[in-house]
Amino acid sequence: MPGTPSRRAFTAALLAATALAPMTRTFASAAQAESLDRYGEDDDTPHGLGPELTSRLDKAIEDVRAQAGIPGVVVGLWMPGRGSYVRATGVADVTTGAPMTTDLFTRIGSETKTFTVTALLELVDDGRIRLDDPIAAYVDGVPNGDCITLRQLAEMRSGLFPYTADPDFAQALEGDPSRPFTPQEVLAYGFKHCNTFAPGEEFQYSNSNLILLGLVIEKVSGHSLTDFLDERVLRPAHLRHTLLPRGAEFPMPHPRGYTNQTPTGATVDSTDWNPSWGWAAGAMISNLQDLRRWAEIVATGALLRPHTQRERLKVLPTGFPGTSYGLGIFVTNGWIGHNGSIPGYESVTVYLPSQKATLVIQINTDISFQGQEPSTLLARAVTSIATPDNVYDGAVPAR
């Protein structure tokens, strides 16, 4: 999405987390808490979508993979009453030729925002913060911070300059891709610029917003973001294969990732680059089954009070056709969720309430094709066949 690092920008190490004291988990209702129990086991629909539809999906995915030069693709599509489609194609490693499989961990980039904002909204439900509080009440030194609200940060309407668009930031990353950055350091690159518009006036995708919300969560909760997410979001949702890493760790098995976000534009293996520049905006890791579960949870608000979820889904135009943005979430032609892009990996995790359908895509490259993100091309191809009345065709670019 606009506001992630330029094609020259990549990575470093995450903050070390503090020890976690006991935290109390609250659910919107006993019924919602009970409903999450069904996510405790992997439960693929036992039958497919039928030979004709399966064959069409196979061909469409392979055509996009070949045209866009995507090494490996994982697609999961679940449609209650119709069946499921779960496939991996291509390679996880272009050197060894190891095949892509459906059990791999991948970096999920900007999909991290759905987790961070969920954590923030849980603090709203706890009565510890309000969406219309100014960011200056929690973080010092934010330009125009007295006038920018937590809501405007979450909906990408703060007007804060995206730190990833700063040339010095890109240069620092070019010099040492493993250099660690703290949230305060990355924010400083953006704060030296004037704000781009008055709060609430426009939509501008910016990682600066989510870094600030991560700091709010840490200050109010008294815990590291990693630990708060684990205790208040991941465990209650039974997401046993999802994490915000504390450093460069990357659970096995995972595919190699390939990017051309390099000073020369050459394609390189970016698997072990550390995404510290993304932190609360883009550093998380997950797998197919967890993302499948998360798609419905985040779209339906299973962890939140109904009023809070309604606030989250008050979407506004983005300027991208067919797509509106709420609080750390988008709606594109009926599909609710988010996409993600980080050097070497892209993903899409969305839910279609009208059909209770879930789509998850994971790929091991972020190299665009004809100006479009390859994950968007795949999602469009799949939904054009499976849900022709709801074609995923307008996601906000995840760069």
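Of all the options ASN287, ASN144, ASN209, the one that moves most in a Gaussian network model of the chain with Cα springs shorter than 10 angstrom is ASN144. Largest mean-square fluctuation among ARG151, ARG128, ARG179, in a Gaussian network model of the chain whose springs join Cα atoms under 10 Å apart, belongs to ARG128. Straight-line cross-link partners of LYS113 among the lysines, defined as a Cα under 20 Å from its Cα and at least 8 positions apart when in the same chain: LYS219, LYS314. What separates the Cα centres of the stretch 52-101 and the stretch 294-309 is a distance of 29 Å.
Close amide H pairs (under 5 Å, H built 1.01 Å from N) link ALA92 with ALA98, MET100, residues at least 5 positions away or on another chain. Given springs between every Cα pair under 10 Å in a Gaussian network model of the chain, which of GLN309, GLN370, GLN355 has the largest fluctuation? Between GLN309, GLN370, GLN355, it is GLN370 that shows the largest mean-square fluctuation. Of the residues ALA280, GLY127, ASN390, the one whose Cα sits farthest towards the positive end of the charge dipole of the chain is ASN390 (charges of +1 on Lys and Arg Cβ, -1 on Asp and Glu Cβ, taken about the Cα centre).
The simple spin-label model puts a point 7 Å past each Cα toward its Cβ; for LEU316 and ARG240 those points are separated by 4.2 nm.
Identify, among THR118, VAL186, LEU150, the residue whose Cα sits farthest towards the positive end of the charge dipole of the stretch 58-386, taking +1 on the Cβ of Lys and Arg and -1 on the Cβ of Asp and Glu, with the dipole about the Cα centre. Result: THR118. Rounded to the nearest 20 debye, the dipole magnitude of the chain is 400 debye, with +1 charges on Lys and Arg beta carbons, -1 on Asp and Glu beta carbons, and the Cα centre as origin. Bridging of LYS192 to aspartates and glutamates at a Cα separation below 19 Å is possible for ASP140, ASP146, ASP166, ASP168, once same-chain residues fewer than 8 apart are set aside. Under the criterion of Cα pairs below 8 Å and six or more residues apart, the relative contact order for the chain equals 27 percent.
Every number in this text was worked out from the coordinates using simple rules, so none of it is lab data. Note that the structure is predicted; figures quoted are calculated from it, not measured. We place every Cβ from the backbone using ideal geometry, glycine too, and count neighbours over all the protein chains shown.
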